[in-house]
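Working notes, structure below.
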Amino acid sequence: AAGPGLRDAVPVALFLVLSASAIVEFRRGRRGWLAGWLFFLVALSPVLGIVAAFGLQGAASRYVYFATLPAFALVAAGLLRIFETRRRELVVMSAVITLAASVWLAQQTSCYLTAWKDQVSLWSRALSLYPDDPFINHQLGAAFIDERKLEKAAPLLDKATELGSTRMDLQGWRSLVHLRLGNFETSLGIHRELWKHGLTRNPPAVDMHCLAYNMGWLSARLNQL
């Protein structure tokens, strides 16, 4: 896996700058900045993944909706203070900010609609950002299975395995996809690994009867009578 890059450094630097700024403003007597920053951190902490309380931890922009309320409150308070002394300038500034925000939000909405069109578009977008994530490769492969595009699903499921995914449902789908595509030797090899795994569990984590039937059928097709 690649080491930390600019994508990882920017949020760390931003965190340090905002923390330092909040402390400096607090020492100057402006306590609202530190209070707002601490509110943001506390509100966001349950979904940061430091403690895996919700199973598989991911990231989503909706996590910051509630946490960023103090930031908007501080901006509103600042605008009200300006409005008391410079009403005309504030009207012009508000119009410019509103127009810029509307254009930016429209562009973001367009991007979201494109990415969230369906499962394939969603996970394709995720894969373009994180091509070496085994979970994303698995999910995009599963999405192609739903659309019956097995030739596209197979390499994604194989890559998820190469990247270290050990999920049994992934291996089950891999074996069936390769079977459907006629890759009998590959499918039989995956079936045998699943069989070995099933023998180590009580009760087994896989359907041993289904595995036995498929392994017999595949062996026959490969003339391994």
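The values are calculated or read from the model by the stated rules, or taken from the named source; none is laboratory data. Computed from a predicted model, the values in this text were never measured in an experiment. Because the Cβ atoms are built from the backbone with ideal geometry, glycine has one as well, and the counts that use them run over all protein chains shown. Just the protein is used for accessible areas: all its heavy atoms, side chains included, with ligands, DNA and RNA removed. Shrake-Rupley method; radii C 1.70, N 1.55, O 1.52, S 1.80 Å.
Within the bounds of segment 53-70, is there any residue that is more than 30 Å from Phe135 (Cα to Cα) and touching a residue at least 24 places away in the same chain (Cβ under 8 Å)? If you could, list the steps in order and put the result at the bottom.
The initial filter retains those residues of segment 53-70 that are more than 30 Å from Phe135 (Cα to Cα), namely 69-70.
After this cut, where a residue has to be touching a residue at least 24 places away in the same chain (Cβ under 8 Å) as well, the list is 69-70.
Yes - at least one qualifying residue is present in segment 53-70.
Please work out if Ala101 is open to solvent by less than 50 Å² (accessible area, probe 1.4 Å), part of a helix (DSSP H, G or I), within 27 Å of Ala160 (Cα to Cα) and not basic (Lys, Arg). Spell out how you get there, then give the answer.
Values: open to solvent by less than 50 Å² (accessible area, probe 1.4 Å): yes; part of a helix (DSSP H, G or I): yes; within 27 Å of Ala160 (Cα to Cα): no; not basic (Lys, Arg): yes.
Here the answer is no, as Ala101 does not meet what is asked.
Would you say Arg148 is more than 22 Å from Val120 (Cβ to Cβ) and surrounded by fewer than 20 Cβ atoms within 10 Å (Cβ to Cβ)? It would help to see each step written out before you state the result.
Values: more than 22 Å from Val120 (Cβ to Cβ): no; surrounded by fewer than 20 Cβ atoms within 10 Å (Cβ to Cβ): yes.
No: the conditions fail for Arg148.
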Kindly list the number of the only condition in (1) modelled with pLDDT of 80 or more; (2) under 18 Å from the mean Cα position of the chain (by Cα); (3) open to solvent by 60 Å² or more (accessible area, probe 1.4 Å); (4) not aromatic (Phe, Trp, Tyr) that fails for Arg27.
(2)
